[in-house]
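Asks: One structure coming up, written as structure tokens, with questions to follow.
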Amino acid sequence: AQGRELVAEFVQAARERGLRDTALTARAYTGAGGYRTGLRGWYLRRDRSVAVGTDGGFYILTVPASLRARLTGARVAASDPPLVVGQGGRDGESMPLRELLRQRLAAGDEWP
């Protein structure tokens with residue numbers, strides 16, 4: 001519940017600041033190519049693996065490789081936002097959700 005509240009606050013702040021949203025794409029688990037998702041929002045990580053949608057959803061943007069998804073787009077479901085993003089990953093890749101959202105807002109439209 002805390003994670004969803006943080007994400008909702010981020011979406012509200014992003015809209016109030018006029019932060020430009022973008023079409024979100026997903027990558028295959030292997031890292032190959034990009035798949036259209038039909039979603040719009042803001043990437044939270046520079047590798048574009050995690051994002052917040054304009055709909056207030058938290059998205060992990062990795063999907064199984066698929067020719068069909070390459071042609072028609074990938075379906076990515078919103079997931080419950082963790083309080084620590086990347087926990088259990090490689091050293092240096094985990095970050096508290098609150099801090100990640102704060103950094104993204106501070107970057108404004110200068111985000112890669």
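Asks: Compute the Cα gyration tensor for the stretch 1-42, then decide on rounded, prolate or oblate, letting a ≥ b ≥ c be the square roots of its eigenvalues: rounded whenever a/c is under 1.5, prolate when a/b is larger than b/c in the other cases, and oblate in all that remain.
Replies: Values: a/c = 3.63, a/b = 1.73, b/c = 2.10.
Judged from the Cα gyration tensor, the stretch 1-42 comes out oblate (a/c at least 1.5, b/c at or above a/b).
Asks: Between residue 36 and residue 83, how many nm apart are label points set 7 Å from Cα along the C-beta direction?
Replies: Here the answer is 4.0 nm between the modelled labels.
Asks: With a/c under 1.5 counting as rounded, go ahead and sort the stretch 11-112 into rounded, prolate or oblate using the C-alpha gyration tensor (a ≥ b ≥ c being the square roots of the eigenvalues; past the cut-off, prolate if a/b is larger than b/c, else oblate).
Replies: Note, shape of the stretch 11-112 comes out oblate.
Asks: Still on this structure: Of the accessible area of the chain, with the probe set at 1.4 angstrom, what percent is carbon plus sulfur?
Replies: 49
Asks: Hey, if you put +1 on the Cβ of every Lys and Arg and -1 on every Asp and Glu Cβ in the chain, which of 60, 84, 31 ends up farthest toward the positive end of that dipole?
Replies: Value computed over the given set: 31.
Asks: Relative to the longest principal axis of the chain, what angle (0 to 90°, nearest 10) does the C-alpha long axis of helix 2-16 take?
Replies: Helix 2-16 and the main axis of the chain meet at about 80 degrees.
Asks: Modelling each spin label as a point 7 Å along the Cα-to-Cβ direction, I'd like the residue 109/residue 13 distance in nm, to one decimal.
Replies: Here the answer is 2.0 nm between the modelled labels.
Asks: Scan around residue 62 for amide H atoms under 5 Å from its own, H built in the peptide plane at 1.01 Å from N, and keep only partners 5 or more places away or cross-chain.
Replies: Result for residue 62 returns 27.
Asks: Taking H placed 1.01 Å from N in the peptide plane, check which residues at least 5 places from residue 39 or on another chain put their amide H under 5 Å from its amide H.
Replies: Sorted by chain and number, the residues that satisfy this are 24.
Asks: A further question on this structure: Give me the net charge of residue 41's neighbourhood, meaning all other residues with Cβ under 12 Å from the Cβ of residue 41; Lys, Arg count +1, Asp, Glu -1. Walk me through the numbers before you get to the answer.
Replies: Numbers: positive: 15, 20, 40, 48, 104; negative: 21, 55.
Charge balance near residue 41 sits at +3.
Asks: Take residue 66, project a point 7 Å from its Cα along the Cβ direction, then tell me which residues of the stretch 13-30 have their backbone nitrogen under 19 Å from it.
Replies: Under 19 Å, as judged by backbone N against the label point of residue 66, lie 24-30 of the stretch 13-30.
The values are calculated or read from the model by the stated rules, or taken from the named source; none is laboratory data. Fair warning: this is a prediction, and the values are worked out from it, not measured in the lab. Here Cβ is always computed from backbone atoms with ideal geometry, including for glycine, and neighbour counts include all displayed protein chains. Accessible surface is based on the protein model in full, side chains and every heavy atom, while ligands, DNA and RNA are left aside. Shrake-Rupley method; radii C 1.70, N 1.55, O 1.52, S 1.80 Å.
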